[in-house]
1. For the stretch 177-222, compute Rg over Rh where Rg is the Cα radius of gyration and Rh is the Kirkwood radius from the inverse mean 1/r over Cα pairs.
2. Given a cut-off of 18 Å, what percent of all Cα-Cα pairs of the stretch 106-219 lie beyond it?
3. Over the stretch 107-231, what is the relative contact order in whole percent, taking alpha-carbon pairs under 8 Å and six or more residues apart?
4. What is the magnitude of the charge dipole of the stretch 107-231 about its Cα centre, with +1 placed on the Cβ of each Lys and Arg, -1 on the Cβ of each Asp and Glu, and no other charges, expressed in debye to the nearest 20?
5. Post the alpha-carbon centroid distance, the stretch 174-195 to the stretch 150-173, in whole angstrom.
6. Can you work out the Karplus-derived ³J(HN,Hα) for every residue in the stretch 70-81? Use 6.51 cos²θ - 1.76 cosθ + 1.60 with θ = phi - 60°, whole Hz, and x for glycine or proline.
7. By per-residue mean of other Cβ atoms within 10 Å, what is the highest-first order of 181-190, 346-355?
8. I'd like to know which of ALA189, GLY144, ILE118 lies farthest towards the positive end of the charge dipole of the stretch 107-231, counting +1 on Cβ of Lys and Arg and -1 on Cβ of Asp and Glu.
Amino acid sequence: MGIFDKIKEKLSHEFIDIVEWLDYTEDTIAHRFERYQNEIKNGAQLIVREGQAAVFVNEGQLADVFTPGTYELTTKNLPILATLKGWKYGFNSPFKAEVYFVNTHLFTDEKWGTKNPITLSDERFGLVEIRAFGTYAFKIADPGKFIVDIVGTDNNFTNFEINEHLKSLIATRFTDTVGEANLPIELYAANTSELSETCKEVMQPEFSSVGISLEKFYIENVSMPEDLKKEIFEYSRIDKLDLDKLTKFKTAKAIEAAAANEGGTAGAGMGMGMGFVLAQQMGGMMSPQMGGQQQSQQAPAPAVPPPMPQAVQYYYALNGAQAGPVPYEQLRSLFAARTINKETLVWKSGMDGWKALQEVEELKSFLGGNTPPPLP
C-alpha cells in the first residue's frame, strides 16, 4: 500500500458514516447531531428510530425531513439539500449539514395553572376572582417547522424550555375563553369537561403554528375564595326552596326554642302570640258546634248553612322577595317569631300599595300599643 493510499484511508475514517441518535433521557425534544467538525460521508447511513424524525438544515434553511427508517444519504435521498448545495449531477465528496433529531412521541402529564387570579363579572355577585389548574399532553407534529421556529440553533432543546412558552400561551387563552363564555360563576366548576374541550379547540391553532399538536387538555379544578363559595351555596339553597314553606319552618323552630326558654321575655311573647292564634282557631272550630246546640234547642237547623266569611290574606316582603299570602293569625305568628318586624312591607286586597306593617291599622295590635285598660 502506497503512502497516498494510507492517507486516503486515514481521512476516510474521520468522515462520519453513521448518523443516529440514542435518546437516554425523557425530557429531550430536539438534539443536534454533533460531528466534531467532521463531515458526513457520501453514502453514509442515516438511522431514524421509532418516535424520532431527522431534520437536515443547510445554513439556516430547512432542507429534508426523514421519518423512522434506515437511509443511505445520497442526492436521491436528499433532493432539497442537493438543490441548496447545487449538486446537479450527484456528488462523491463528503458534505456538511446540520442534522437535528426530533423526539415525536407523546409528552404527557404536563402541568399548567393560572399564576394570578382571573377576574370575572357575574350578574348576581359582581366582580369575582377564580383560579384554575390542570394538565395537558402534546407532541411534535411538524418537526421541520418546530426546528426552524422554536429550536433555532439550540443543540439540546428540552421539555422544560418549551413548557414555559406553552404554559403562558395556555393561561392567556384560558383567560380569554372563560371571559367570553359568560357563564354563571358556579357553572365553571361544574362543567370542567365541556370547558376543557372548548379551550382545547381554541388553543390548537396556536400550537399548530409552531409545529406542535395539542393532544389533550384537562381542567382539574376551578377554585374561588371561601366567602364566595358560602354565598353561592346559600343562594342555591334559597333559590331551590319554597319561601313560604321556609318561613313556616323557621316559625316552628322559633316556637320550639321559645318553649325551651319559658322564663325569657321572647318566650313569653312567643307563647302569647301562639296562644292568641290557637284560641282563635279553637274558637272558630267550637263556635259552629255551640251555635248548633242552641239552634237545636230553639228551632231545627237550616238545610243549607250560610257561606263562610272570606279571611283576609296578607302578602309580605321577606329577604327582598314576595311571600304569602297568609291569614291574619299566621302573620301575627311571624311577627311574634321575629321573622318579620314593624318595618316589613305588607299588602292585602284593597290597598293601593305596599305599606310598613306599623302603618296598617288592623296590624298595629302586633306592636303591643293597643292593650285594653284593666277591668273596673
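1. My calculation of the ratio gives 1.03.
2. Result for the distance tail: 51 percent.
3. Rounded, it is 38 percent for the stretch 107-231.
4. 180
5. 26
6. 10, 10, 9, 7, 9, 4, 5, 8, 10, x, 6, 5
7. Listed from highest to lowest mean packing, they are 181-190, 346-355.
8. Most positive-ward Cα: GLY144.
Every number here is computed from the coordinates shown, using simple stated rules; none is lab data. No experiment lies behind these values; they were computed from the predicted model shown. Cβ sites come from the backbone with ideal geometry, for glycine too, and all protein chains shown count toward neighbours.
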